[in-house]
Amino acid sequence: MRNFLIAGNWKMNGSTAMSTELSNGIVADMPASDRVELLVCPPFPYLRAVAAQLAGSGLKLGAQNVSAHAAGAYTGETAATMLKDIGCEYVIVGHSERRAMMGESSEVVAAKFCALLAAGLKPIVCVGETLAERQAEQTNAVISEQLEAVVEMAGIDSFANAVIAYEPVWAIGTGQTATPEQAQEAHKHIRDVLAAKNDAVAGVVRILYGGSMKGDNAAGLLSMADIDGGLIGGASLNAADFLAIADAAIAQS
Ligand code: 13P
């Protein structure tokens, strides 16, 4: 049985005051469940402050990016060991915003994935197609390419310590959510790609859905067989909205 993971990706939003208020608000009303894990991924400057606030609460801490390199002359970059050092457990890699705006290739994403595992962190690797790719019926091919690059570099067994997020680019920040059936189809494809290489690993890896997930559509998505949680952008910036998604997960667990 896979536990749900409900993860908030705050993206480049907030301030000291906002991150304090948001993390305190989540901790204050957080439901207790050993079947649903809750995670927040604040911007880098607020990681330490949020780490202090969620200490002992069960709310977990993650980052939104990492360097592929271990240490050295990489001005402006952050090493996986540093994120581990300040209390992160998870790190997002391969978000479509970084692939599109920062030009991160699937190989760079795979190298970051490996750097995280080497530091004892859990990668959340994002995959997903654009609208044009979906319309050209390339959804499965795009997902496979993004996934295979990581499998090739890190090995299939490494996915036992990783999470995958299916984030259709056309659903991110648009209010246009994939239907539960559309999402399930993509999640099943992801699990099938992994199962062809290692059935046991495919059975334990959690696959999150991301793209305009909210309290009122979470239940339908989370009820699908291969959807094991959510990677939430906009709705994670408000404690009540985020916790509504957590409650939907608890109701299914
Ligand atoms: P939204 O929930 O704002 O659509 O963002 C999804 C996302 O990109 C999470 O990583």
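For the chain, the membrane-span-like helices by this rule, meaning whole DSSP H stretches whose C-alpha atoms cover at least 15 Å of axis and whose Kyte-Doolittle mean is 1.0 or above, are 106-118, 239-252; this says nothing about an actual membrane.
Taking a ≥ b ≥ c as the square roots of the eigenvalues of the Cα gyration tensor, the chain is rounded, since a/c falls below 1.5. Using modelled backbone amide H atoms (1.01 Å from N, in-plane), which distant-in-sequence or interchain residues come within less than 5 Å of residue 8's amide H? The answer is 39, 40, 41, 232.
Net charge dipole, the chain: roughly 480 debye, given to the nearest 20, about the Cα centre with Cβ charges of +1 for Lys and Arg and -1 for Asp and Glu. Amide H to amide H, which residues 5 or more places from residue 165 or on other chains are under 5 Å from it, using H placed in the peptide plane? For residue 165, whose amide H was placed from the backbone, the distant partners under 5 Å are 125, 126, 127, 208. Taking 177, 130, 16 in turn, the Gaussian network model of the chain (Cα-Cα springs below 10 Å) assigns the largest fluctuation to 16.
In sequence order, the stretch 73-89 has phi-based couplings of 7, 10, 3, x, 9, 10, 7, 4, 4, 5, 5, 5, 4, 9, x, 6, 10 Hz under the Karplus curve 6.51 cos²θ - 1.76 cosθ + 1.60, θ = phi - 60°, and Gly or Pro positions carry x.
Across the stretch 156-167, coupling constants 3J(HN,Hα) worked out from phi with the 6.51/-1.76/1.60 Karplus curve, θ = phi - 60°, read 5, 4, 5, 5, 5, 10, 10, 10, 10, 10, 8, 10 Hz, and Gly and Pro carry x. When the C-alpha to C-alpha distance is required to be over 26 Å, the pairs from 11/214; 122/214; 112/214 that qualify are 112/214. For the options 185, 21, 137, a Gaussian network treatment of the chain with springs between C-alpha atoms closer than 10 Å singles out 137 as fluctuating the most. Taking the Cα of residue 13, stepping 7 Å toward and past its beta carbon, and measuring to each backbone N in the stretch 239-253: which are under 12 Å? Residues passing the 12 Å test: 239-242. Taking the chain as a Gaussian network of alpha-carbon nodes connected by springs under 10 Å, the highest mean-square fluctuation of the residues 119, 111, 225 belongs to 225. Close amide H pairs (under 5 Å, H built 1.01 Å from N) link residue 91 with 63, 122, 124, residues at least 5 positions away or on another chain.
May I ask for the distance between the Cα centers of the stretch 163-183 and the stretch 202-253, given as a whole number of Å? Between the Cα centres of the stretch 163-183 and the stretch 202-253 lies a distance of 11 Å. The alpha carbon centroids of the stretch 72-151 and the stretch 9-50 are separated by 21 Å. Shape descriptor for the stretch 30-164: Rg over Rh equals 0.99 (Cα atoms; Rh from the Kirkwood inverse mean 1/r).
Values quoted throughout were computed directly from the atomic coordinates according to the rules given, and no laboratory measurement underlies them. Computed from a predicted model, the values in this text were never measured in an experiment. Glycine gets a Cβ as well: all are built from the backbone with ideal geometry, and neighbour counts include every protein chain shown.
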